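The values are calculated or read from the model by the stated rules, or taken from the named source; none is laboratory data. Every value quoted in this text rests on a predicted model; they were computed, and no experiment measured them. All Cβ positions, glycine included, derive from the backbone under ideal geometry; neighbour counts span all protein chains shown. We work out accessible area using only protein heavy atoms, side chains counted, and drop any ligands, DNA or RNA first. Shrake-Rupley method; radii C 1.70, N 1.55, O 1.52, S 1.80 Å.
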Amino acid sequence: VKDRHPTVAIGLDLDEDGTGPDALPDVVRSALFRIAQEATSNAIEHGKASRVHVRLGLPTGVGPIELEIRDNGSGLPWGDAQPDFAALADDGHFGLVGMYERVAAIGGVLTLAHGGLDESGARIHVSLPDVRRPPQARRRWRL
């Protein structure tokens, strides 16, 4: 996105997920990346945003994984109500439908709302249960 829109300021605030058992599964990592990519593209191309901020929060204890994309663009055309994704698909808005389907596939909830950066623009929020495997306890065997 930054290559096509070099004047747009894109901020990233990403918790690292590490490696091994505490890493995000590849399917979740890929879905979150594609959702952030689509939301950023939409903010710039449709909302005419000049600033976009992407935050990925990974809990250190119990809590949900959260992805939030906020922008300073023109906001959402349907107001604060959640859109009818079937109607969006019928109208050819496959990017938003794809975001919704990706979130559903990884067991999350997608919320689209006003109140992006500086209280203008859009806020895209994804919340899903922590899908990382907890470290396995070591077992000792006596023979």
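Length gained on full extension, residue 113 to residue 66: 15.4 nm, using 0.36 nm per residue less the C-alpha separation. Could you tell me the distance between the Cα centroids of region 7-60 and region 68-132, to the nearest Å? Between the Cα centre of region 7-60 and that of region 68-132, the gap is 13 Å. Across region 42-86, the relative contact order, built from alpha-carbon pairs under 8 Å that are at least six residues apart, equals 38 percent. With a cut-off of 16 Å on the backbone N, the residues of region 9-46 near the modelled label site 7 Å out from residue 3 along Cα-Cβ are 37-38, 41. Exposure here means at most 15 other Cβ atoms within 10 Å; with trypsin sites (Lys or Arg not before Pro) in a DSSP loop as sites, the longest stretch of the chain lacking them is 49-137. The DSSP beta bridges internal to the chain are antiparallel in roughly 75% of cases.
Which shape class, rounded, prolate or oblate, goes with region 68-125 when its Cα gyration tensor gives a ≥ b ≥ c as root eigenvalues, a/c under 1.5 marks rounded, and past that a/b bigger than b/c marks prolate? Numbers along the way, then the final one.
Numbers: a/c = 2.28, a/b = 1.40, b/c = 1.63.
In terms of gyration-tensor shape, oblate.
Charging the Cβ of each Asp and Glu at -1 and of each Lys and Arg at +1, and nothing else, the dipole of region 59-99 about its Cα centre rounds to 120 debye. Projecting the Cα positions of 64, 23, 12 onto the charge dipole of the chain (unit charges on Cβ atoms of Lys, Arg, Asp and Glu, taken about the Cα centre) puts 23 furthest along the positive direction.
Surface composition of region 1-126: carbon plus sulfur atoms contribute 52% of the solvent-accessible area (1.4 Å probe, protein chains only, all chains present).
What is the gain in length, in nm to one decimal, between residue 22 and residue 45 on full extension, counting 0.36 nm per residue of separation less the C-alpha to C-alpha distance?
Net length gain for the segment: 4.7 nm.
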